[in-house]
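Below is one structure, written out as structure tokens, with a few remarks after it.
Read the figures in this text as sums done on the coordinates, not as results from a lab. Nothing here was measured: the structure is a model prediction, and the numbers come from that model. In this analysis, Cβ positions are derived from the backbone assuming ideal geometry, glycine residues included, and neighbour counts consider all displayed protein chains.
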Amino acid sequence: MREKAWEVVGLNEHEVPSLRRQVETAVSDAISQALPELAGADPVVRRSEHADFQANAALALAKRARRKPADLAASVADALRRDIGTDTDTDADTGTPVASVTVSGPGFINLVASDTALWRQVAARLASRHLGVGTPQQGRRTVVDYSGPNIAKEMHVGHLRTTIIGDCLSRVLGFLGAEVLRQNHLGDWGTQFGMLIEYLDEHPDVAWHHDELSDGTSTVSALNTLYRAARAVFDADPDFADRARRRVVALQAGDEASVTRWREIVAESEFAFSEIYQRLGVLLTAADSAGESFYNPWLPEVVGELTQAGIAVESDGALCVFSAEITGPDGEPVPLMVRKTDGGFGYDTTDLATIRYRIRDLKADRILYVVDARQALHFQLIFEAARRAGWLTDDADVTHVSYGTVLGPDGRPFKTRSGDTVKLMDLLDTAVGRAREVVTEKAHDLDPAELDQIAEQAGIGAVKYADLSTSRTKDYTFDVDRMVSFSGNTGVYLQYAHTRICSILRKAGDASAPVDTTLAPHPAERALILALDAFGDTLTEVGQTLEPHRLCGYLYDLAKAFTDFYEACPVLSVAQPTRGNRVALCRLSAETLRRGLNLLGIAAPERM
RNA sequence: GCCCUUGUAGCUCAGUGGAUAGAGCGAUCGCCUCCUAAGCGAUAGGUCGUAGGUCCGAUUCCUACCAAGGGCACCA
């Protein structure tokens, strides 16, 4: 045996192919050898309950090969065994990762990875800067449109999913090498501002700037209240309603005083949003804002282009783009309304200007709209129109990353008892408050400041994990108690696993011992290594499917695998070289969990 | 009327063209001289909406139906 001990010297940039990929290659090669006419067929390698992996290719290929699946499997298995035979004479670095092959059932090929290969993966990932994860999204310029709160309105639970899912996808795609451009499509334009500006002007005494308000009241909260007051006056007082309408016209015409006041409202609102984003650990900043008003200057040009191309046509006094694919209840094509009868522009036009800008000016290769599923038809129409206009071509990939509605316990869209939506800040306060109770109760000699910080991290993490861990497309039932529960499959479970590892590593002292690849791993070690090794494959999948819940599921499985290891394999009390290998496993587990949590946008405290 | 999404354990949800469909919560019973018990083990709980079809094999793919939710012109 010429096994070399893997020394971790500085980090390299190497991608480390997973064992599963290596096994796929080995099985593919074996298929080519045993059955040249079937070369290139999918080896159908999966994780297995009966071995480390199983290859199901024989079952699928039997008909094409006109052989019994079991015979076919036996031939492929023989070819795989020949590789194992030669491996003892060659450098282990390039040999097959497979140690044994058996055929069972109707033609399943069960594959066990070699002990050496398992430990080699651990060492190689520890030595790599990105845990050996590759960059399949390298260089892909990806616009991620998410969050999109409305100016002068409070963010509520309805904004949670778009904000958190969009942020997670930004992080994952960025980690996989994409050039991510975050875009916050603020609702910062519309007739409601006329009313609000007029009201503020007529009541100069009311406080609403963030530096005038008492703690616990946000600018948007104050503006929200003022907006409702304005609305009430608008409905009750025809003279005020007239002045408000004139104010809309003035604002749209660029009247200086009105525009200044509008800018002030936008800036104050963005200040409030940034407080929420910071608390949530969301990467969005004011630099990512490109709201509806940003596209205003281009709307006439966009409409002109569509009209000139004959795509937009006059209908009942309005200007519309009629879908060639979809019809409405009357059997007629469904329109996008690019100019209303009164000459105004709605959000159809804004969204067309937006997609044109993202392709033409931002030069996006991929655009993701993280928006409520109810807008599916709208985006279908926008994408269709953009194609017909020639803005959107096959060079760009545009996806509506839709997600389900947040429902209350009654299965209806979520509202509080009073009929209002739940404010996002209130939800976060509740979650952090509950977390503080638990942290206080369990506190392991933490000072008050540390306790506060951990309560914050656990509470916010719980809310985010609850949202990210369920599949995107389904509606989901909002339940504060479940969201802020800290046992079972929750964000806290992952954080807790991480703190336990950190505790071991603190006590282990210098953790840079080399990995001994000749040791036979304990079953719990084997399971943990196989879980750790699948990190990159999981991320690649998330990058393709745009489904963060797969990452949550993976990290939960990983944390469970670590917990099993923790229960079964003492680290500090065993002798070398076992201790060194277990410390290495702890290090890789901690780094993988930390990185995984980071990609979910969840903090990974070292103690709790 | 047409289109989209969803029906899996009491509840909330994963899951896959393949071997015995999983997890958490809730319930019952256990486990801290031992690296953090926010943990672990065990028991209980299922005709994977219904009916057909494709397939060696379907909870997974296809069709129809049933049920729930959503969407389809001047609000965004």
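Every Cα-Cα pair of segment A:519-581 was included, and the share exceeding 21 Å stands at 34 percent. At q = 0.10, 0.16, 0.19 Å⁻¹, what base-10 log of I(q)/I(0) does the Debye formula yield for segment A:344-478 when every alpha carbon is treated as an equal point scatterer in vacuo? Log10 of I(q)/I(0), two decimals: -0.55, -0.93, -1.06.
Provide, as a two-decimal number, the C-alpha radius of gyration of segment A:126-192 over 2.2 N^0.38 Å, N being how many residues it has.
Details: Rg = 15.9 Å, N = 67, 2.2 N^0.38 = 10.9 Å.
After normalising by residue count via 2.2 N^0.38 Å, the value is 1.46.
Calculate the dipole size of segment A:190-285 relative to its Cα centre from +1 charges on Lys and Arg beta carbons and -1 charges on Asp and Glu beta carbons; express the result in debye to the nearest 20.
Values: 9 positive and 17 negative charges, 78 e Å.
In debye, rounded to 20, segment A:190-285 gives about 380.
Under 5 Å from the amide H of A:Ala127 lies no amide H of any residue 5 or more positions distant or on a separate chain, with H modelled from the backbone and absent for Pro and chain starts. Three principal axis extents of segment A:118-265 based on alpha-carbon atoms, in descending order, are 78, 35, 24 Å. Loop-located chymotrypsin sites (Phe, Trp or Tyr not before Pro) in segment A:518-595 (DSSP state not H, G, I, E or B) with no more than 14 neighbouring Cβ atoms inside 10 Å do not occur. For segment A:190-285, what's the relative contact order in percent, using C-alpha pairs closer than 8 Å and at least 6 residues apart? Once normalised by length, the contact order is 36 percent.
When every Cα-Cα distance of segment A:442-600 is counted in 5 angstrom steps from zero, the calculated P(r) takes the values 1, 8, 17, 19, 18, 15, 11, 7, 3, 1, 0 percent. Between the alpha-carbon centres of segment A:224-300 and segment A:116-177 there is a gap of 31 Å.
State the three equivalent ellipsoid semi-axes of chain A, derived from the C-alpha gyration tensor as the square roots of 5 times its eigenvalues, in descending order and whole Å. Numbers along the way, then the final one.
Details: eigenvalues 556, 213, 73 Å².
After scaling each eigenvalue by five and taking roots: 53, 33, 19 Å.
Normalised by the number of residues in segment A:442-600, the mean separation of alpha-carbon contacts (under 8 Å, six or more apart) gives a relative contact order of 32 percent.
Only one residue of A:Leu528, A:Val480, A:Asn581 has its Cα farthest out toward the positive end of the dipole of segment A:442-600, where Lys and Arg carry +1 and Asp and Glu -1 on Cβ, and that residue is A:Asn581. Restricting the calculation to Cα atoms, segment A:185-237 yields a radius of gyration followed by a Dmax of 11.7, 33 Å.
Using the structure shown, select from A:Lys340/A:Lys474; A:Lys415/A:Lys474; A:Lys363/A:Lys423; A:Lys340/A:Lys363; A:Lys464/A:Lys560; A:Lys153/A:Lys363 the pairs with a Cα to Cα distance greater than 26 angstrom.
Values: A:Lys340/A:Lys474 34 Å; A:Lys415/A:Lys474 18 Å; A:Lys363/A:Lys423 36 Å; A:Lys340/A:Lys363 30 Å; A:Lys464/A:Lys560 20 Å; A:Lys153/A:Lys363 32 Å.
The pairs that break the limit, which is 26 Å between Cα atoms, are A:Lys340/A:Lys474; A:Lys363/A:Lys423; A:Lys340/A:Lys363; A:Lys153/A:Lys363.
Can you give the longest run of chain A that contains no GluC sites (Glu not before Pro) sitting in a DSSP loop with at most 10 other Cβ atoms inside 10 Å? My reading of the result: A:50-608 is the longest stretch. Rounded to the nearest 0.05, what FRET efficiency is calculated for A:His14 and A:Ser471 with R0 set to 25 Å and r the Cβ-Cβ distance? Efficiency computed from Cβ-Cβ geometry: 0.15.
Can you tell me the dipole magnitude for chain A around its Cα centre, using point charges on the Cβ only (Lys, Arg +1; Asp, Glu -1), in Debye to the nearest 20?
On the way: 64 positive and 86 negative charges, 396 e Å.
The dipole magnitude comes to about 1900 debye.
For chain A, the relative contact order is 16 percent, taking Cα pairs closer than 8 Å that sit 6 or more residues apart in sequence and dividing their mean separation by the residue count.
Each distinct pair of alpha carbons in segment A:270-331 adds a 1/r term; the inverse of their mean, the Kirkwood radius, is 15.4 Å. Once the Cα atoms are used to define both axes, helix A:424-442 deviates from the longest principal axis of chain A by about 40 degrees. The radius of gyration of the Cα set in segment A:30-79, together with its Dmax, comes out at 10.4, 31 angstrom.
Hydrodynamic radius of segment A:19-113 by the Kirkwood approach over all distinct alpha-carbon pairs: 12.9 Å.
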